[in-house]
Amino acid sequence: MSPRRNPTRRDFIATSGVALGVSVAGCATGDDAADETPSEAAPGGTESTPEGTEQGRGNELPTASAQERPLVHIPAHQDGMRMVGMEEVGPYMVAMSYTLLHDFWILTGKEKIYVQIEDGQGLHLMATVWDPEYNQRIPLGSPPVEVRAAESGDSVTKKSLWPMLSQQMGPHFGDNVAFPEEGEYTVQLSFDPVSARQLGEYRGRFTDAVDAEFDLLFRTDITNNIRERFVDEAGQAGALEPMETDMQPDGRLADAASLPGEHGGIVESGAAEFVVQVLRRAPAGIDSSGPYLAVSARTPYNQYPLPFMGLRATVANAGEEVREPLKAAVHPELGYHYGAPFPAIAMGDEVTLSVGAPPQVARHRGYQTAFLEFDDTTLTLGDGT
Amino acid sequence: MTDGDRTLTRRETLRAAVALGGSTGLAACLDLEGQPTEAGGTDRGTDRPAGTESEAELPSRQHAWNEFSRTDEHGNPVPARHHVLLLADYVGDGPVDDGDRTQAENAFRELEETYRWESDGLLFTVGYSPAYFDRYDEPLSESVDLPQPAALAPFEDPSFDTPDLLVHLASDRASAVLEAKQALFGELETANGSEVTETIDGTVELVDRRTGFIGAGLPAEHDDVDGVPDGAVPEDAPLFMGFKSGFRQNQATEDSVTIAEGPFAGGTTQHLSLLRTELDQWYNQDSREQRVAKMFSATHAAETLVEGVGDNLGDSSLVAETGVADRVEDDAFEKGVVGHAQKLARARDEGGDPRLLRRDFATVDDGQTGVHFLSLQEGIMDFIRTRNAMNGDDVANVGGVGTKNNNGILQYVTTVRRGNYLLPPRSKRSFPRPS
């Protein structure tokens, strides 16, 4: 071996990374799909940043138009998706689907990172999980996924899917996965026990780890046919409608009027809506027989749950103040919500909600600037709204 | 040595030779170690020190490695760079006979005479599993806390290692860990210049051989495997996740992990797990701030306490100094993330000291990145308590933290195997009786 160090593959990539990293702005890329996709798709040129460079990579560079846009807004295009399969495993129904490679933002605390589309061919894999009895989507954290080539069994990727929120898919688990070539693959998903409190009929229901497996055919002629529509209302306040399918619930939470308990009101902060309910008796699974304060934090328009958030309530009555963190929970009628028992809570009390960590879900376009900064909000239970 | 159409660097070759093993690997190593090192290389030449002839120079504890290792500028012991783990079964059923016991002791003694007891020579331990002790009618002494391995989280499903014994070989020299294995199993006539006369061959059967490495530069050189993006690992990172570990203030001392009483006083327990790491998202999606928050704490990220791979931290990860250990639940609620080191800092003993002495190292066995997480502790319960702290169950539904998401590094690490062993004191390292 020569005493002079020969360049390794690593050196090659380090020096050529800038040139290789150029990608298409917008949601669609991939070898063939890119040809049919205008490369400047985003409204007002947002995200047409030097994303392919080391500087641009991993940073969302805000533009003037991004700051003027409503926090929740209609994205530039609407994509179709393909269903891979549906499977009942344990207490869950799991649907596996995919769409074109997407960009998105991941969140740790308030640190938000733009994840661009990598060069190459691949899919944005999505899993949605719900309870088939009450049709509630179930939050499962970050389920591990492994994709293998069907014939050889070779692993293509192994990672944990991010909990994500998109306007069309609602709450789901997803990430982009590069596929080395066309062919048949198997996708194995693992679900850890649900960490949110399981209440009422859900008590003890989601406590086992379960696996689901799907066969996936990756062919560019199929992905090229995933329909995309450019949306005229891009950048305006609003949200794309939830994807309609006959097979799975669309992820919306029940209207305030349909929730159990007495309705305390609705407040808004950080573009999120907080529907406040008081149940006279805490549901099974809460160590109290007194009243229970439930707060359903949701997106505007589509009414999707906002999971993995630090939420606290201060309940005041005649100079007495009780301050408690609200724990995330799932319940057949309330769905995903935050709650805690407050033994003396009653209509007429003042409830102040304050947010610690913003909802730790990755965001697709249209949600990337929302649900990040919250002001404390106060309402009087039962007073109006 | 080549791999496909590219030429391997010196460090890559040494690591690859250890993974390959056998006479081919050893020949490649010795050949390379005989050549002048590249500038900045830390592998040594062939002037290997001679063995330790006098038993009086050897410590009574098998795990007494720190004072025989190099230390860095901050006083942290520097772990040996190359490691081999040999999992083996005793060939007989029932209690071990005295002839085999003597044969094994002679072989281990000869290893010490062949290589100097230091990280530049050879450090090794011999451990015994609960399965080994099952061969005796008598139970293992109650002074030893050595349960069968078990799954330690609701989200893990590991296989269990149940060989009778585990030999851990460690050296800064790739050739030494390779050669020592072959000497131990009677595959060589000479090792390090001396004749091989004693072997454990015939008393045990090798069931698995695992390899690994730790030290600045080694992971970056071996990123062409599954589980890590090429070119992502910092050049000077000692482990694949890109940060230093094993700070002196965050490690148990050899004294504190030593069993104090009973027939195995002077020994310790050893836990070995295989953790697979999946670092695509870690390096391609998470930002550096997010990585620091998940590895250390949100405070470490916000106050930029960690530079590069963390050499600037000196001899402490600063989890105690910053008080973040007491803010795990608050951080989960307010910051939405808790750090790995932050959670582990809660698993201190009554005196406020860490319970584990980590001697883990990175691996690319089977073409996948991972960690052979090897730790020493007085009893396995110390490991379980520490692992429970890492699991972060208590904050898995607090604020922005989930079972794995934003819960330290759990999202990136999967436990694949677990095994527990007793490291007897040196005087009882050869097929010990249970009491």
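Per the listing B:GLU350, B:GLU378, the residue uniquely acidic (Asp, Glu), more than 28 Å from B:PHE333 (Cα to Cα) and more than 11 Å from the chain's Cα centre (by Cα) is B:GLU378. If you go through region A:247-278 and keep only what is aliphatic (A, V, I, L, M), part of a strand (DSSP E or B), surrounded by 19 or more Cβ atoms within 10 Å (Cβ to Cβ) and in contact (Cβ under 8 Å) with a residue 24 or more places away in the chain, you end up with A:VAL267, A:ALA272, A:VAL276, A:VAL278. Only residues that are surrounded by fewer than 23 Cβ atoms within 10 Å (Cβ to Cβ) and under 22 Å from A:PHE308 (Cβ atoms) were counted in region A:337-352, giving 2. B:SER297 satisfies every condition listed in (1) among the hydroxyl-bearing types (Ser, Thr, Tyr); (2) over 30 Å from B:PRO425 (Cα atoms); (3) surrounded by fewer than 23 Cβ atoms within 10 Å (Cβ to Cβ) except (3).
Determine, yes or no, whether B:ARG355 is closer than 28 Å to B:THR211 by Cα, at pLDDT 95 or above and out of contact with any Gly (no Cβ under 8 Å at 6 or more places or on another chain). In short, yes. Looking at B:GLY310, B:GLY336, B:GLY370, just one residue is in contact (Cβ under 8 Å) with a residue 12 or more places away in the chain and within 11 Å of chain A (Cβ to nearest Cβ), and that residue is B:GLY336. Checked against the criteria, A:GLU244 does not count as part of a loop (DSSP other than H, G, I, E, B) and over 22 Å from the mean Cα position of the chain (by Cα). Kindly provide the set of residues from region A:199-220 that are surrounded by 21 or more Cβ atoms within 10 Å (Cβ to Cβ) and either out of contact with any strand residue (DSSP E or B) (no Cβ under 7 Å at 6 or more places or on another chain) or not hydrophobic (A, V, I, L, M, F, W, C) (or both), ordered by number. The answer is A:TYR202, and nothing else. Per the listing A:TYR367, A:TYR336, the residue uniquely under 30 Å from A:ARG69 (Cβ atoms) and within 13 Å of another protein chain (Cβ to nearest Cβ) is A:TYR336. Against the numbered list (1) more than 18 Å from the chain's Cα centre (by Cα); (2) more than 24 Å from A:HIS73 (Cβ to Cβ); (3) at pLDDT below 90, A:ARG227 comes up short only at (2). Set side by side, the residues A:GLY170, A:GLY120, A:GLY183 differ, and just one is more than 9 Å from every other protein chain (Cβ to nearest Cβ), small (Gly, Ala, Ser) and crowded, with 23+ Cβ neighbours inside 10 Å, which is A:GLY170. The set of residues in region B:228-244 being closer than 17 Å to B:ALA16 by Cβ and more than 7 Å from chain A (Cβ to nearest Cβ) consists of B:VAL228, B:VAL233, B:PHE240.
Candidates B:ASP330, B:ASP382, B:ASP394, B:ASP360: the one that is acidic (Asp, Glu) and within 10 Å of another protein chain (Cβ to nearest Cβ) is B:ASP330.
Scan region A:299-333 for residues that are more than 14 Å from every other protein chain (Cβ to nearest Cβ), outside any strand (DSSP E or B) and among the hydrophobic types (A, V, I, L, M, F, W, C) and the total you get is 1.
Condition check ((1) within 30 Å of A:LEU253 (Cβ to Cβ); (2) part of a loop (DSSP other than H, G, I, E, B)) across all residues:
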| site | (1), (2) |
| --- | --- |
| A:LEU140 | yes, yes |
| A:VAL147 | no, no |
| A:SER152 | no, yes |
| A:LYS159 | yes, no |
| A:LEU165 | yes, no |
| A:GLN168 | yes, yes |
| A:GLY174 | yes, no |
| A:VAL177 | yes, no |
| A:SER190 | yes, no |
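In region B:69-96, the residues that are over 30 Å from B:VAL204 (Cβ atoms) reach residues that are in a loop (DSSP other than H, G, I, E, B) and of a type in the set (Val, Ile, Thr) with C-beta atoms within less than 7 angstrom, at least six apart or across chains, in these pairs: B:ARG70/B:VAL78; B:THR71/B:VAL78; B:ASP72/B:VAL78. Being polar (S, T, N, Q), surrounded by fewer than 19 Cβ atoms within 10 Å (Cβ to Cβ) and more than 30 Å from A:SER160 (Cβ to Cβ) is the requirement here; does B:SER175 meet it? It is false that B:SER175 is polar (S, T, N, Q), surrounded by fewer than 19 Cβ atoms within 10 Å (Cβ to Cβ) and more than 30 Å from A:SER160 (Cβ to Cβ). Here A:GLY153 meets the list (1) of a type outside the set (Phe, Trp, Tyr); (2) more than 13 Å from the chain's Cα centre (by Cα); (3) surrounded by 18 or more Cβ atoms within 10 Å (Cβ to Cβ) almost entirely, failing just condition (3).
The values are calculated or read from the model by the stated rules, or taken from the named source; none is laboratory data. What you see is a predicted model, and the numbers here were worked out from it, not measured in a lab. All Cβ positions, glycine included, derive from the backbone under ideal geometry; neighbour counts span all protein chains shown.
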